[in-house]
Amino acid sequence: MARNWLRLRQASFRGARFHVDEDGPDRGRRVAVHDISGGETPVTEDMGRLATGFSVTAYVAGDQADAVGHALERACDLPGPALLVLPIDAARMVHCTGCSRSREKDRSGYISYHLEFVEAGVGAVGGGGLGVLRSVFAAGLAALAGAMS
């Protein structure tokens, strides 16, 4: 049975709904490149996976576009991670790192947005951030010290 591509899931962030023109994940590896004096080939070091980001070209349209757009902007301004739903990707917890609006006078009732998100990582829920990382690092050091003694 063929998939109906016209019936994709509507996108939302923190419950604020919008339509999507383009979206996609930004993925890759963190690689440190060490140029060695006199060497012809650099030394590379894999530092782990990059945090997955999402670039979204979105829009709101209709008689209530200004109110719906302001709701989306408020959702992006709030602190902490929230649920991002995109048309074909699994819903996930993310932080909004950028929200820029573009309104054109000749396109009344249509407001476009460029949205940037990054996956929520360790300590994202309930705060913690670097404190959680310090705790994890300290626990790892303690385990290493115990194993060496």
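Tabulated data
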{"read-out": "Compactness index (Cα Rg / 2.2 N^0.38 Å), the stretch 53-100", "value": "1.19"}
{"read-out": "Computed accessible area, V31, all protein chains, 1.4 angstrom probe, square angstrom", "value": "80"}
{"read-out": "Estimated inter-spin distance, V122 and L78, nm [label 7 Å along Cα→Cβ]", "value": "2.7"}
{"read-out": "P(r) tail fraction, the stretch 1-129 - alpha-carbon pairs more than 24 Å apart, %", "value": "43"}
{"read-out": "Length released on extending from H114 to E22, taking residue separation times 0.36 nm less the Cα-Cα span", "value": "32.2 nm"}
{"read-out": "Within-9-Å neighbourhood charge of A11 [Cβ basis; K, R +1; D, E -1]", "value": "+1"}
{"read-out": "Theoretical gain in end-to-end length, R101 to L50 [0.36 nm per residue, Cα-Cα removed]", "value": "15.7 nm"}
{"read-out": "Carbon + sulfur, % of accessible area of the stretch 9-132 - ligands and nucleic acids excluded, 1.4 Å", "value": "50"}
{"read-out": "Over the stretch 22-93 - Rg/Rh using Cα atoms and the Kirkwood inverse-distance radius", "value": "1.22"}
{"read-out": "Gain on full stretching of the segment that runs from V85 to V43 - 0.36 nm per residue minus C-alpha separation", "value": "11.2 nm"}
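The values are calculated or read from the model by the stated rules, or taken from the named source; none is laboratory data. Please read these numbers as outputs of a predicted model, since none were measured by experiment. Note that each Cβ is placed from the backbone with ideal geometry, even for glycine, and that neighbours are counted across all protein chains shown. Ligands, DNA and RNA are excluded from the accessible area calculation, which covers all protein heavy atoms including side chains. Shrake-Rupley method; radii C 1.70, N 1.55, O 1.52, S 1.80 Å.
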